[in-house]
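The values are calculated or read from the model by the stated rules, or taken from the named source; none is laboratory data. Note that the structure is a prediction, hence the values are computed from the model and not measured. When we count neighbours, we look across all protein chains shown, and the Cβ atoms used for this are built from the backbone with ideal geometry, even at glycine. Keep in mind that these areas ignore ligands, DNA and RNA; they rest on the heavy atoms of the full protein, side chains included. Shrake-Rupley method; radii C 1.70, N 1.55, O 1.52, S 1.80 Å.
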Amino acid sequence: MSQNDKVEVIIVGAGPAGLTCAYSLAKRGAEVVVIERGEYPGAKNMFGGIFFSSIMEKIFPEFFDEAPWERFVGKRKFSILAGKSELAFDMMPSAFNEKPYNHSFITLRGTMDGWLAKKAEGAGVSIITDYCVSDFLYEKGKIVGITSGSGDEDNLLADMIVCAEGANSILTEKAKLRKKIDPERRSIAIKENMRLPQNVIEDRFGLAGRQGAAFEYFGEAVQGLLGNGFIYTNKDSLSVGVGFSLSDFIKNRNGKNPNDILEDFKSHPSIAPLLKGAEIVEYMAHMIPSDGFDSLPKLYRDGLLVIGDAAGLLNTSFFHEGVNLAMASGIYAADTIMEARRKNDFSSQTLSLYEEKLKDSFVLQDIKNCKNFLSFLHKNKSLINDYPTLMNDILVDYFRVSEKPKTAVKKEIFRKVKKNVKFTRLAREMWGAWSNLI
Amino acid sequence: MKTLEQENKQNKKLSIEDKLFLVKNKKDKISHITINKKICKKCQHKACLIVCPAKSYEENHGTIEVAYENCLECGSCRVICTDGAIKWENPRGGFGVRFKNG
């Protein structure tokens, strides 16, 4: 690259958001270069495991037949661990076990991002790997290019830059689109890929064919932190991990680091048998945005749009949709850039169209809808800690075999509940849960 | 008959060092993480010591040091360092972790 090299659009980051944006632009004739700091697309990327694919399938109808997804999510479990006990809600809806499989596919990012990158390249996108953007280049306040910081010969200029750098949004901070990230606005997730033969996985989890299981564990699974543990079944491996709010490591520390918590989770009597004989192949970590509607960064400035995790576009509620929102934001960014290109005006005024599009779509509407989800749980930890334990105790008492008459048992349970639960507080919490969580 | 606990003990446990050994990582000679000792000394919570999933941070005689070569590039330490003592840049292009099953 020489100092004066210029292209129409530079996209920083070859994840689902960046690659979707690139593909969508190239399809419409724009000249696009994607810059990726890893050795290949996916090398720096990690997520829990479910690829929500409704946007993906709109762009690539061949996704189901061609893409390297591992298993569709046919079985789901929401489970609460309390002490050495487990209490769970299991589901296998027939509607989710036939096409389109609820657009939920257990996936590994190394293969999936690579597939998406090939699609983008097929549409004419150039992908440059091993290039880490250290900062943007400015001209009269407008962002006009990128630099690796190792000399002018690496600089690249463009009419438009799209920042799809991910959850560790360093460039977004450097471009003054957000302040230093608050620990309450990020979670950390760590994950192991554990190899297990395909037939063992299918027998152990009761799966048929390409059916897969997505198990999520709350309560003691993360030892009072705000977050959860998970097991997702791949074809011949398991994705096993834990994730929790970073701010809890300041306020609520018990001295254990994420790996200790993962190991405790893995040795829980409900989890350990599921992992028996599985061999750890890889250990990974990543942050998850939990910006929430009220603290999203500014999404644009002259010459720049921010998309995907970098923009904090993640549904932080029970749904945990990230990829879907990331890809949608990539398309809206591409639409906006095509409009700006037509007008030959890349000012923030024209680019504000991007935010309008997000507001009109499920992306910002869903993020707005769950804006109090995490702050409510941070303030009402009893919902995830005390009540699950109590619920477990009650069920144990109720089903315990003894010669005590059942009416006496019921009275004891009632006394226990009365002692541990303040009903006015419970009513307040339930109302809060109804209005903030669901 | 074995207890549940004894049964489950059969699962192999890897140390953090063994786990890090499994990560493909092209290590740079230059650190991408620097700590401003002056700011660091004033920190009340020192949460970097427990949040790092690679256990890269250690306290030696009151000074916090980082083994950047083990970094998994999540960036949690940067975010949790509320006083801004940790300066964290992405490793240079081509260096750092190379995940396969992310």
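Figures for the structure shown
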read-out: Residues located in segment A:31-78, provided they are away from chain B (no Cβ under 13 Å), in contact with a Lys or Arg (Cβ under 7 Å, 6 or more places away or on another chain) and open to solvent by less than 10 Å² (accessible area, probe 1.4 Å); value: A:PHE60, A:ARG71
read-out: Evaluation of A:ALA408 against (1) under 24 Å from A:ILE50 (Cβ atoms); (2) among the small types (Gly, Ala, Ser); (3) exposed (fewer than 13 other Cβ atoms within 10 Å of the Cβ) (one fails), failing number; value: (1)
read-out: Leading residue by the ranking (surrounded by the most Cβ atoms within 10 Å (Cβ to Cβ)) among those in segment A:265-302 that are among the acidic types (Asp, Glu) and closer than 16 Å to A:THR172 by Cβ; value: A:ASP291
read-out: Residues of segment A:132-145 classified as in contact (Cβ under 8 Å) with a residue 24 or more places away in the chain and over 17 Å from A:ASN168 (Cβ atoms), total; value: 5
read-out: Filter pass, A:GLY277 being facing another protein chain (nearest Cβ under 7 Å) and at positive phi; value: no
read-out: Residue list for segment A:172-228, filter: of a type in the set (Lys, Arg), open to solvent by 20 Å² or more (accessible area, probe 1.4 Å) and either within 21 Å of the chain's Cα centre (by Cα) or under 30 Å from A:ASP248 (Cβ atoms) (or both); value: A:LYS174, A:LYS176, A:ARG178, A:LYS179, A:LYS180, A:ARG185
read-out: Some residue of segment A:105-115 being basic (Lys, Arg) and closer than 19 Å to A:ASN324 by Cα; value: yes
read-out: Among the residues listed as A:LEU262, A:LEU305, A:LEU314, the single one being assigned to a loop (DSSP other than H, G, I, E, B), buried (at least 21 other Cβ atoms within 10 Å of the Cβ) and in contact with a strand residue (DSSP E or B) (Cβ under 6 Å, 6 or more places away or on another chain); value: A:LEU314
read-out: Any hit, segment A:76-86, residues being touching a residue at least 60 places away in the same chain (Cβ under 8 Å), of a type in the set (Val, Ile, Thr) and either under 28 Å from A:LEU225 (Cα atoms) or touching an Asp or Glu at 6+ places or on another chain (Cβ under 9 Å) (or both); value: yes
read-out: Residues located in segment A:1-40, provided they are of a type in the set (Phe, Trp, Tyr) and under 17 Å from A:ALA334 (Cβ atoms); value: A:TYR23
read-out: Residue, nearest to the other protein chains (Cβ to nearest Cβ), within segment A:244-258, restricted to residues that are open to solvent by 10 Å² or more (accessible area, probe 1.4 Å) and outside any loop (DSSP other than H, G, I, E, B); value: A:ILE250
read-out: Matching residues, segment B:18-53, being among the polar types (S, T, N, Q) and in contact with a Gly (Cβ under 9 Å, 6 or more places away or on another chain); value: B:ASN25, B:ASN36
read-out: A:LEU81 being at pLDDT below 95, surrounded by fewer than 21 Cβ atoms within 10 Å (Cβ to Cβ), under 29 Å from A:ALA208 (Cα atoms) and touching a helix residue (DSSP H, G or I) at 6+ places or on another chain (Cβ under 9 Å); value: no
read-out: Pairs where the first residue, in segment B:5-18, is more than 7 Å from chain A (Cβ to nearest Cβ) and the second is exposed (fewer than 12 other Cβ atoms within 10 Å of the Cβ) and in a loop (DSSP other than H, G, I, E, B), C-beta under 6 Å, 6+ apart; value: none
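Listed here are the residues, each with its yes/no results for (1) small (Gly, Ala, Ser); (2) more than 25 Å from B:ARG98 (Cα to Cα); (3) outside the structural domain of A:GLY227 (by TED's automatic domain parsing); (4) without any contact (Cβ under 8 Å) to a residue 12 or more places away in the chain.
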residue	(1), (2), (3), (4)
A:GLY15	yes, no, yes, no
A:SER24	yes, yes, yes, no
A:LYS27	no, yes, yes, no
A:GLY49	yes, no, yes, no
A:GLU62	no, yes, yes, yes
A:GLU66	no, no, yes, no
A:ASN97	no, yes, yes, no
